[in-house]
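Take a look at the structure set out below.
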Amino acid sequence: MMRRTSLFLFGVAAGALVAVAAVQPRVLAPFFLGTAAEAASSDTYKQLNLFGDVFERVRSDYVEKPDDAKLIEAAINGMLQSLDPHSSYMDAKNHRDMQVQTRGEFGGLGIEVIMEDGLVKVVTPMEDTPASKAGILSGDLIAKLDNDQVQGLTLNEAVDKMRGPVNTPITLTILRKGVEKPLEIKLVRDTIKIQTVRSRIESDDIAYIRLNSFTNEQTYEGLKKAIDDLTAKIGPDKIKGYILDLRNNPGGLLDQAVAVSDAFLERGEIVSTRGRNAEETQRFNARGGDLTKGRPVIVMVNGGSASASEIVAGALQDHKRATVLGSRTFGKASVQTIIPLGQQGALRLTTARYYTPSGRSIQAKGIEPDIVLVQDLPDEMKQKLGASLDTTRGEASLKGHLKNGDDEQTGSPSYVPPDPKDDTQLKLAVELMKGTVKNAAFPASPNKASQAN
């Protein structure tokens with residue numbers, strides 16, 4: 001059975017039926033029960049018989065005829081939710097959606113959308129996609145999809161309708177501000193690549209790279225391309241350093257977290273994972289080849305930086321390869337394995353904890369930055385939203401989380417300004433890189449620490 005090891009902040013919503021045989025009472029093998037293990041097994045089968053009795057009684061006596069599939073699904077979800085916040089069941093559709101997200105590409109139009117007043121609103125068209133080529137604009141409202149009203153659909157249902165096989169057509173009816181009549185725009189679906197990496201030049205000689213998530217198998221390739229492109233534009237002799245922005249990055253795939261960490265390290269351990277049994281321990285090491293040639297690195301984090309983000313920040317911090325700036329991270333240090341269940345979807349099960357190179361577990365504690373700087377909400381937003389919305393609860397606040405001693409930490413600010421001009425964390429990172437401000441936590445010369453680990 002093929003498995004995929006992944007790290008996610010929250011589970012995917014549950015869906016339809018799992019094989020009934022998985023929960024129906026089973027006949028005991030023909031042997032005599034004598035040992036303690038056999039007695040425990042007998043007790044387990046008695047509990048399964050109890051479940052079968054309750055299931056049949058609900059089916060026959062509940063005031064209204066229940067849906068058998070939903071009953072079993074609820075039972076499975078209840079079992080998994082009793083373990084920890086990150087174990088969950090995915091029905092076939094949710095499993096397919098996760099695989100699409102993991103591959104990082106799908107047949108579609110290339111627009112980021114939200115739901116607003118019952119209509120689908122375009123947040124932004126992605127560059128060089130059918131949507132941008134057809135003239136779709138930010139702020140456009142999609143009223144119809146192939147003459148079917150969007151009103152009444154959920155956002156997921158609307159997105160499903162817009163996705164489809166490459167080279168198939170779809171007509172969008174657009175309501176645009178300042179245009180009296182609805183616009184009918186015909187598009188042809190193409191292969192859309194999910195962008196998890198965004199980059200730009202800051203202050204002429206600093207490379208800024210933001211990773212939105214690690215859920216995409218192409219995250220490392222996107223990072224490598226960003227490093228190469230920015231280094232070439234600035235000039236390898238002129239570039240002062242790299243700012244890696246992991247704020248509000250909820251995590252994703254373990255192999256991508258390892259690869260991204262490896263991009264900045266010459267040698268040494270990146271992360272280790274430890275399961276229930278000692279033989280399940282795995283260690284992931286850098287293969288050599290620092291893509292940034294030892295230039296200074298600042299990693300920005302906040303309360304929304306979780307899981308795979310924390311692996312990267314923890315590895316670079318432990319090796320003293322980067323200065324971590326911001327507020328304490330989320331504190332999710334567990335590994336989920338995706339276990340396919342044939343046509344019935346998949347199981348996301350917590351199978352291990354992970355540890356940073358120094359052997360510390362940041363589970364329910366998070367990573368404390370080298371330089372603590374909280375990005376405050378603007379006064380008008382505090383009045384509108386409430387200051388409490390600026391704080392992420394953290395892993396330690398989640399019911400049923402894996403415990404990690406008496407010094408667990410909860411809550412850390414997670415606001416990221418949409419306008420870089422208002423971003424005090426980014427401003428400090430730039431000033432530190434340029435040397436216009438001094439801080440003992442940030443080295444004055446290019447960081448070569450990775451060479452010695």
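The values are calculated or read from the model by the stated rules, or taken from the named source; none is laboratory data. Owing to the predicted nature of the structure, the values given are computational and were not obtained by experimental measurement. Neighbour counts run over all protein chains shown; Cβ positions are idealised from the backbone, glycine included.
The set of residues in region 427-437 being over 20 Å from R321 (Cβ atoms) and either assigned to a helix (DSSP H, G or I) or of a type outside the set (S, T, Y) (or both) consists of K427, E431, V437. Answer with yes or no whether I142 is in contact with a Leu (Cβ under 6 Å, 6 or more places away or on another chain) and over 24 Å from S213 (Cα atoms). Taking the combined requirement at face value, the residue satisfies it. Restricting attention to region 284-312 and to residues that are under 22 Å from K434 (Cβ atoms) and of a type in the set (A, V, I, L, M, F, W, C), the residue that is surrounded by the most Cβ atoms within 10 Å (Cβ to Cβ) turns out to be V301. Which members of region 198-220 meet the condition of being at pLDDT 95 or above and not polar (S, T, N, Q)? Within region 198-220, R200, I201, E202, D204, D205, I206, A207, Y208, I209, R210, L211, Y220 qualify.
Within the bounds of region 356-363, is there any residue that is under 17 Å from G304 (Cα atoms), part of a loop (DSSP other than H, G, I, E, B), at pLDDT 90 or above and hydroxyl-bearing (S, T, Y)? There is no residue in region 356-363 that is under 17 Å from G304 (Cα atoms), part of a loop (DSSP other than H, G, I, E, B), at pLDDT 90 or above and hydroxyl-bearing (S, T, Y). If we scan region 238-245, do we find a residue that is modelled with pLDDT of 95 or more, in a loop (DSSP other than H, G, I, E, B), out of contact with any strand residue (DSSP E or B) (no Cβ under 9 Å at 6 or more places or on another chain) and loosely packed, with under 15 Cβ neighbours inside 10 Å? Yes: region 238-245 contains one or more residues that are modelled with pLDDT of 95 or more, in a loop (DSSP other than H, G, I, E, B), out of contact with any strand residue (DSSP E or B) (no Cβ under 9 Å at 6 or more places or on another chain) and loosely packed, with under 15 Cβ neighbours inside 10 Å. Taken over region 157-178, the criterion of being of a type outside the set (S, T, Y) and within 15 Å of L119 (Cβ to Cβ) is satisfied by E157, A158, V159, K161, M162, L172, I174, L175, R176, K177.
Every condition in (1) of a type in the set (D, E); (2) more than 20 Å from T292 (Cα to Cα); (3) surrounded by 15 or more Cβ atoms within 10 Å (Cβ to Cβ) holds for E202 except the one numbered (2). Among residues of region 379-404 being more than 26 Å from G78 (Cα to Cα) and exposed (fewer than 12 other Cβ atoms within 10 Å of the Cβ), the one that is modelled with the highest pLDDT is D379. Among the residues of region 261-320, those that are within 21 Å of T392 (Cβ to Cβ) and not aliphatic (A, V, I, L, M) comprise N302, G303, G304, S305, S307, S309, E310, G314, Q317. For region 256-292, residues that are at pLDDT below 95 and under 21 Å from L211 (Cβ atoms) total 2.
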